[in-house]
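The values are calculated or read from the model by the stated rules, or taken from the named source; none is laboratory data. The structure presented is a predicted model; accordingly, all values stated were derived computationally and were not measured. Counting neighbours? That spans all protein chains shown, and the Cβs are built from the backbone with ideal geometry, glycine included. The accessibility values were calculated without ligands, DNA or RNA, using every heavy atom of the protein model including side chains. Shrake-Rupley method; radii C 1.70, N 1.55, O 1.52, S 1.80 Å.
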Amino acid sequence: MSGNPYPLGLRLAGRRVVVVGGGVVATRRVPALLDAGADVLLVAPELTPALRAHADAGRLRWQRRRFAADDLEDAWLVQVAVDDPGAAAAISAVADERRIFCVRADDRAAATAWTPAVTRQGPVTVAVLGGGDPRRSMAVRDAVRDLLAAGPGRLAPPPADADADAGEAPGPVHPTRRPGHVALVGAGPGDPELITVKGRRLLTEAEVVVTDRLVPGLLLDELGPEVELVDATKIPYGPARTQEEINRILVDRALAGRAVVRLKGGDPYVFGRGGEELLACAEAGVPVTVVPGVTSAIAAAAGAGVPVTHRAVAHEFTVVSGHVPPDSSASMVRWEHLAGLRGTLVILMGLKNLAAISATLVSHGRSAQTPAVVVQEGTTGAQRTIRSTLGVVAADVAAAGIRPPAVVVVGDVVGALDS
Ligand code: SAH
């Protein structure tokens, strides 16, 4: 076969695609077909566990046998992922006869369609055909992916009123982002690599970024000079007014048609007031995307080598805020009940009240000997850790000069991975 390949974007939603074979090649091909909404018929005597899981969950139909010509009834596309060249040629012959495009893992020269190396960023899909050399197509794809991920604004989406002139069907260019939009993005616990892929993409597309104290500074380093950076820690007024002011900034900028990212340390909904910001936006009719983050409640412990659960050690972990003293009428935490739990207790914002908290836990029955670890600035280059026990942890923290942000982890998981 000669001639250059003719690229297309197949719209497979609800259309039958037949995949023949149940091994590693099929395992790699099926997820993109399902993502495209294809009606996948998988024909194979055996499946890998991952394919089996798709079949069990009803995401595709599985014919547990070898291929038969009638399997291509109603098919728009067939993917041949079998090892046996004779069988592959036979399937491909049936496809040819029925004018169905056929992708062949075993023999690309004999195939009527090729699968490209793909990278996606939000609504953009880039597909690369490497002229027969998969390493070349993957290398080009990786370079494009890095370019897309790299420069804020470098490949920014066109303004809402730009003509759709790329030969695509007209329609909203950025249905989820325009006009005006707020993304509440979890920045992760401290290590700038612990932001999610989605969070990072939205950050590179942002026109306004509103940050606070716990956001890893290195993430902000990468923002372009044209991005408006609002540092919420610099807003004057008191704490209550500050939150109102942040809400106002988010809403104002979004209503002005800008792409706003509200970056928050850890996860936006773990003691992060993300809910209040969402409600403020909703009230103003501003669309919001919430991007969860890696919370310090789990990651700081992990950074100190402590798993929040461990087989035969802890079957639960409880995350609690210690910012209100246990004996305060404003406390919403039943510390006396937490004292009766056997599992892991993770205390955020607890340094100031740690003496009262640990005394309350001990007086209600948690052993003073329970191991504890305190992790300051977990997952960052400045991480500090001290090991202690519940009875003396507050004194040890004071002696070591541990400062916020820090988490206190109490339970037998502390030390579970020590060898
Ligand atoms: N939304 C954040 C928590 C906000 S509350 C999250 O999901 O992680 C702020 C508290 O989080 C701090 O007082 C501290 O207890 C904890 N914290 C946040 N980042 C931390 C880090 N890198 N190391 C230790 N504790 C951290």
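Roughly what angle does helix 85-97 make with the longest principal axis of the chain, taking Cα atoms, 0 to 90 degrees, to the nearest 10?
On a 0 to 90 degree scale, this one is about 70.
Using a 1.4 angstrom probe, figure out how much accessible area the chain has per residue, in square angstrom, rounded to the nearest whole. Mind dumping the intermediate values first?
On the way: 22210 Å² over 419 residues.
Roughly 53 Å² per residue, with all protein chains present.
Would you kindly state how much longer the chain becomes between Lys352 and Thr309 on full extension, computed as 0.36 nm times their sequence separation minus their alpha carbon distance, in nm to one decimal? Display every interim value, and only then the final one.
Details: separation 43, 0.36 × 43 = 15.48 nm, distance 2.59 nm.
Extra length available between Lys352 and Thr309 comes to 12.9 nm.
Residue separation times 0.36 nm, minus the C-alpha to C-alpha distance between Ile235 and Arg28: what's the value? Before the final figure, lay out the partial values.
Working: separation 207, 0.36 × 207 = 74.52 nm, distance 4.92 nm.
Gain on stretching Ile235 to Arg28: 69.6 nm.
Hey, what's the Kirkwood Rh for region 284-419 if you take every pair of different alpha carbons, in angstrom?
15.3 Å
Leu77's amide H: which non-local residues (gap 5+, or another chain) put their own amide H closer than 5 Å, with H modeled 1.01 Å from N in plane and none for Pro or chain starts?
Val18
In µm²/s, what is D for region 16-110 at 25 °C and 0.890 mPa s, where D = kT/(6 pi eta Rh) by Stokes-Einstein and Rh is the Kirkwood radius from Cα pairs?
Working: Rh = 13.0 Å.
Taking Rh from Cα pairs, D becomes 189 µm²/s.
List the lysines whose Cα sits under 16 Å from the Cα of Lys264, skipping any in the same chain fewer than 8 residues away.
Lys198, Lys234
Please find, in a Gaussian network model of the chain (springs between Cα atoms separated by less than 10 Å), the residue of Lys352, Lys198, Lys234 whose mean-square fluctuation is greatest.
Lys234
Can you list the HN-Hα couplings for region 215-232, worked out from phi with the Karplus curve (6.51, -1.76, 1.60; θ = phi - 60°), rounded to whole Hz and with x for Gly and Pro?
Along region 215-232, the couplings run 6, x, x, 5, 5, 7, 3, 7, 6, x, x, 7, 7, 7, 9, 10, 9, 5 Hz.
Can you tell me the length gained on complete extension of the stretch His364 to Trp76, counting 0.36 nm per residue apart and subtracting the Cα distance?
Numbers: separation 288, 0.36 × 288 = 103.68 nm, distance 6.70 nm.
Gain in length upon complete extension: 97.0 nm.
Among 376-382, 291-297, 6-12, 407-413, what's the highest-first ranking by average C-beta atoms within 10 angstrom per residue? Kindly include the intermediate steps, with their values, before the conclusion.
On the way: 376-382: 18.1, 291-297: 23.6, 6-12: 11.3, 407-413: 25.4.
The most tightly packed comes first, giving 407-413, 291-297, 376-382, 6-12.
Divide by every residue of the chain the summed helix terms, -39500 (n - 2.57) for each DSSP H run of at least 4, and state the resulting mean residue ellipticity at 222 nm, rounded to the nearest 500 deg cm²/dmol. Working shown, then result.
Values: 12 runs with 121 residues, N = 419.
Value at 222 nm, helices only: -8500 deg cm²/dmol.
log₁₀ I(q)/I(0) of the chain at q = 0.13, 0.15 Å⁻¹, via Debye over equal Cα point scatterers, no solvent, to two decimals?
Log10 I(q)/I(0), no solvent term: -1.12, -1.24.
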